[in-house]
1. Quick one: would you say R41 is more than 16 Å from the chain's Cα centre (by Cα), in a helix (DSSP H, G or I) and modelled with pLDDT of 65 or more?
2. Applying the selection to segment 208-219, what residues are surrounded by 13 or more Cβ atoms within 10 Å (Cβ to Cβ) and either touching a His at 6+ places or on another chain (Cβ under 6 Å) or outside any strand (DSSP E or B) (or both)?
3. Looking at segment 98-107, can you tell me whether even one residue there is among the aromatic types (F, W, Y), within 16 Å of F241 (Cβ to Cβ) and not in a helix (DSSP H, G or I)?
4. Can you name the number of the only condition in (1) surrounded by fewer than 20 Cβ atoms within 10 Å (Cβ to Cβ); (2) modelled with pLDDT under 90; (3) within 20 Å of P118 (Cα to Cα) that F83 fails?
5. Of the numbered conditions (1) assigned to a loop (DSSP other than H, G, I, E, B); (2) more than 19 Å from K111 (Cβ to Cβ); (3) at pLDDT below 80, R163 fails exactly one; give the number of that condition.
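The values are calculated or read from the model by the stated rules, or taken from the named source; none is laboratory data. Please read these numbers as outputs of a predicted model, since none were measured by experiment. Don't worry about glycine lacking a Cβ; one is built from the backbone with ideal geometry, like all the others, and counts go over all protein chains shown.
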Amino acid sequence: MDTKEFTNLSLEELRKGMQGKMIHSPTFTPISKSYADAIKRSQLQREGNNQAIIAQPLDYAKARATVWKYFLLDALDGQKERFKESEKFNQNVPELIRYFIGEESIFDANKGILLVGPCGTGKTQIMSAISNMFSEFGHRGFKTIYCPDLCDVEVIQKGLSARDICFQKEIFFDDIGAEFNRVYNQFGNKVNIIGSIIAERYRRFKRFGQKTHASTNLSQQQMEQFYTVRVYDRMKEMFNFISLGEKSLRS
C-alpha cells in the first residue's frame with residue numbers, strides 16, 4: 001500500500017466539494033458543561049425516548065477524504081508538507097480510519113486507541129478530524145474531554161466522581177498528563193482523577209466492552225510514576241498504543 005495515500009489530496013481539491021457546507025472547527029467542551037447534557041441523554045435513553053441517528057453510509061475512501069479535509073483545515077501551512085513526509089504518520093493514520101469506521105485494520109478492534117508521543121505529532125488534530133468526520137455523516141462517534149478541564153473549579157464544586165464522568169459509551173481523553181499542571185482537591189486531599197477514571201473505564205471495558213480513547217505526551221515511565229504501575233498495566237490491556245512520530249512537526 002502506498003504510504004502517501006492519506007495525504008495525496010490537496011486542500012484545493014477538497015474545497016471543490018465543500019461549496020455551501022459549514023465547516024466546524026473541533027471544540028473541547030469542559031466536562032462541567034457537558035455533564036448536564038450527558039445526564040439528560042442518559043435519562044432519555046432509560047425512558048426509551050431517544051431518537052435514532054440517521055447515519056449516511058461511510059466507506060474508507062469517503063472517510064479518508066473527509067478526515068484529511070478537516071485535518072488540513074486545522075494544520076498550519078508549514079505543517080502540511082511535514083506531515084505528508086512523515087512515514088509513521090502515513091502508515092498509521094489510514095489504519096486508524098479503518099479502525100474507527102469498523103473495517104479490518106492492524107489494530108485490535110476490541111481495544112481503544114492511545115496515541116502516544118511528543119507534542120506536535122498530530123495526535124489531537126487527527127482525533128479531532130475523525131470526530132468531525134463522524135459528525136458530518138451523522139455517526140455518533142466519541143465524546144472528547146480535554147484532561148485539564150477535569151480539574152476545573154466547577155467540576156470540583158459539583159463533586160463529580162470518576163463514575164459520573166465514565167458512564168458514556170466511548171470517550172476520547174485528550175492530553176492525559178496535562179492535568180498535573182493543576183491540582184484537584186477534594187476535602188483537602190489531592191485526588192488522582194485520571195487514575196480513578198482509568199480504573200472505572202477498565203471496569204466497564206471488562207464488563208461491557210466499552211472502549212476508551214486517549215492521547216498523551218507522557219512516556220511509559222512517566223505514566224507509571226503519575227498513575228501507578230497497576231494503572232499502567234490496565235492501560236496496556238485497554239489500549240492499542242500508537243505513535244504518529246518521534247518529533248514535533250510544528251517547526
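1. When the stated conditions are applied, R41 does not pass them.
2. Q210, K211, N217, L218, S219
3. yes
4. (1)
5. Every listed condition holds for R163 apart from (1).
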